[in-house]
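Just so you know, all these numbers are worked out from the coordinates, no wet-lab data involved. Values in this document were obtained by computation on a predicted structure and should not be read as measured data. Cβ: placed from backbone, ideal geometry, glycine included. Neighbour counts: every protein chain shown.
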Amino acid sequence: MIHSFPSATTVVVVWLVLGASAGTAGSALAQPFEFAVEKDQLFGSSSGTLAFDVETVAYSTDEEDDARVWTYRDIKQVQLLSPTTVTIKTYEDQGWTRLGADRAFEFELTEGTVPAELATFLAERVDQPLVLALFPTPAEEPRFRVPVKLRQRVRGSEGTLAVYDHLVVYETTRGEHARQWRDVELYAVFQPDRHRLTVEVYEGGGDNIRDFSFDLKADLPPGFLDLLWRRLYTPDLARIGPRDGSR
């Protein structure tokens, strides 16, 4: 869907780094993806250029107080919850408006959409948990696939919960409910009874935990929980959720 440019044109440049093929010398190639955006904030908004490169994320703008450069270690969480929104949560204090709270920067695209490749690019560089409703379909076949319904307070969604070697994916046609979780995003997985499954994940930044409660349309296949538990509760992992789901 094409939108008209705002009066102050903003460009988001996402540099995707393509690794050189085996045996080929030289630096990695970079391909830009550009989008017009605005940054929302409590008092007014600003426009500028948001650039993801190999080592930093930079927001350049004429509004001097809004300009930022972050290394990936400075970023607490990146959220891609729609094709037109990028949210960056940082360790920076919010200030007097919310004492002690970390500052989040929300960028709204006014033309074009975020490519799914951005999720892959970030997963290779951000060690902290990501929140991804937008992501490319994994190339490999899942180890397990289960039909489910995601329960929500207002309106849930139906789809499939797929377990891959290093990912758990909730696939649904309701885009904002879709999720892709790496092991680092998972806190705990448990089954209260035969008909339900709960996946607890780091969402919101820091130690914030969110529950995704699924109604199971079919029995879990043998080995489903064992595979996830072996990945989640390995002793050398820094974050270990309780096996019984309590916290």
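Miscellaneous remarks
- Cα radius of gyration and Dmax for the range 41-85 (Å): 11.6, 32
- Under 5 Å from the amide H of Gly112 lie the amide H atoms of His3, each residue being 5 or more positions distant or on a separate chain, with H modelled from the backbone and absent for Pro and chain starts.
- Likely footprinting exposure, Ser157, Ser47, fewest C-beta neighbours within 10 Å first: Ser157, Ser47
- Lysines whose Cα lies under 27 Å from that of Lys76, excluding same-chain neighbours fewer than 8 positions away: Lys39, Lys89
- Stretching the chain fully between Leu227 and Ser60 yields a gain of 55.7 nm (0.36 nm per residue, less the alpha carbon separation).
- Partners for Lys149 among aspartates and glutamates (Cα-Cα distance below 18 Å; same-chain residues under 8 apart left out): Glu158, Glu171, Glu176, Asp193, Glu200, Asp211, Asp215, Asp219
- Cα gyration tensor category, rounded, prolate or oblate, for the range 144-232 with a/c compared to 1.5: rounded
- Tensor-based shape of the range 102-181 (alpha-carbon gyration tensor, a/c under 1.5 rounded, otherwise prolate or oblate): oblate
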